[in-house]
Amino acid sequence: MERKIPVSYNKRRAEYVIQSRMRKLLWIGTLFVALGARAQFDVAFTNSWALQSFYNPAVAGLDGLLNVQGAYSMQMVGFEGAPATMFLSADLPVFFLGPDHGAGVGFLNDKAALFSTNKFYAQYAYHRKLFGGKISVGARAALIQEGFDGTKLEVVDTGDPAFASSEVKGSAFDLDAGVRYTYKDLWYAGVSAMHCLSPSMTMGDDKLYKVSVDPTLYAMGGYKLKFHHPQYALSTHAMVRSDFQEWRADICARLTYDGSKHKLYGGVMYSPLHSVGLMLGFDFHGLNIGYSYEMYTTGIGALHGTHEILVGYQTDLDLFKKGKNLHKSVRLL
């Protein structure tokens, strides 16, 4: 009854999650039978460039600001039971330890049909100047909870013990780690590993159902191309993830405008063999709001893609620092 979840995420994530989990719990999932294929345990946000602290704990407190972020992703819109993900996080520099220290907390809720996953975490990062830039290392302790609502499952034989007839839950501790190098506001590169402990969650009073998560390796980087006009720039970001069995790559480019009172951006993302997307957003006095639509390139059509909303707020907590509120977040390169 053990389930091994592959890491690579693609347009068919919802169907695979439902089919794989139900099959390993000894029933057949039929919600997205026609779509087939691969998945990953961690959600692939369209705006991964803006949510880097989720994928790499070394980012916590890196820009010297309090960063509060939220994202809501609605995937495969139009299908009953399609995945929906909510993410909330906050990180900041720990000034009483020194500006080289950062910390953060976060919460993620991911639902697909009758399944749900919750992740609670706390993370720490240490930053040090190196070769004109900054090297950062970080670690994260997490609690993962997996659940299944059997009260909504319709089966012929309600007495079959292979079919959960009530809400069953399981939890396990996990560990993530990462390293990153940032060179001024021009470029950055980093690697991280999630699910280092390969956590397994057993569910139900009789511990009949087990969910196992494979370690995941992430590599990401970005570059900011400045134009002759200082208010405009082209910001790029790329990320590759793999469990050494399957992989997914995401590339995005955003044209940014940095005005005296507000910032604007518009851009595109592309994931080979998976999807393409558009993104728009603005920043006004530290309040960040963005929207994106990701369209799957094969399988289910343009109208059943992913809608994603970003909301964030940034402010300087060091009241005694000169030039307060003149910082630019490295996440928005």
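The values are calculated or read from the model by the stated rules, or taken from the named source; none is laboratory data. Please read these numbers as outputs of a predicted model, since none were measured by experiment. Cβ placement follows ideal geometry from the backbone for every residue including glycine, while neighbour counts extend to all protein chains displayed.
Only one residue in I289, I300, I309 is at pLDDT below 90 and farther than 22 Å from G221 by Cα. Which one?
Result: I300 is the single residue among I289, I300, I309 that is at pLDDT below 90 and farther than 22 Å from G221 by Cα.
Of the residues D100, D110, which single one is at pLDDT below 95 and closer than 13 Å to V43 by Cβ?
So the residue among D100, D110 that is at pLDDT below 95 and closer than 13 Å to V43 by Cβ is D110.
One line per residue, one yes/no per condition, for (1) in contact with a helix residue (DSSP H, G or I) (Cβ under 7 Å, 6 or more places away or on another chain); (2) touching a residue at least 24 places away in the same chain (Cβ under 8 Å); (3) in a strand (DSSP E or B):
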position: A253; (1), (2), (3): no, no, yes
position: Y257; (1), (2), (3): no, yes, yes
position: S260; (1), (2), (3): no, no, no
position: V268; (1), (2), (3): no, no, yes
position: L280; (1), (2), (3): no, no, yes
position: I289; (1), (2), (3): no, no, yes
position: E294; (1), (2), (3): no, yes, yes
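All but one of (1) at pLDDT below 90; (2) under 23 Å from S73 (Cα atoms); (3) of a type outside the set (G, A, S) hold for P272, so report the exception by its number.
P272 satisfies all of (1) at pLDDT below 90; (2) under 23 Å from S73 (Cα atoms); (3) of a type outside the set (G, A, S) except (1).
Collect the residues in the range 312-321 that are out of contact with any Gly (no Cβ under 8 Å at 6 or more places or on another chain) and either within 16 Å of V68 (Cβ to Cβ) or modelled with pLDDT of 75 or more (or both), keeping them in residue-number order.
L317
Hey, does the range 243-263 have a residue that's in contact with a Lys or Arg (Cβ under 6 Å, 6 or more places away or on another chain), at pLDDT 95 or above and within 19 Å of E308 (Cα to Cα)?
No, the conditions are met nowhere in the range 243-263.
How many residues does the range 177-209 contain that are in contact (Cβ under 8 Å) with a residue 40 or more places away in the chain, part of a strand (DSSP E or B), of a type outside the set (A, V, I, L, M) and closer than 16 Å to L143 by Cα?
Residues meeting the conditions: 1.
Being modelled with pLDDT of 95 or more, buried (at least 18 other Cβ atoms within 10 Å of the Cβ), hydroxyl-bearing (S, T, Y) and part of a strand (DSSP E or B) narrows it down to one of Y218, Y223, so name that one.
Y218
What residue, of S73, S53, S89, S48, is buried (at least 19 other Cβ atoms within 10 Å of the Cβ), in contact with a Cys (Cβ under 9 Å, 6 or more places away or on another chain), modelled with pLDDT of 90 or more and among the small types (G, A, S)?
S48
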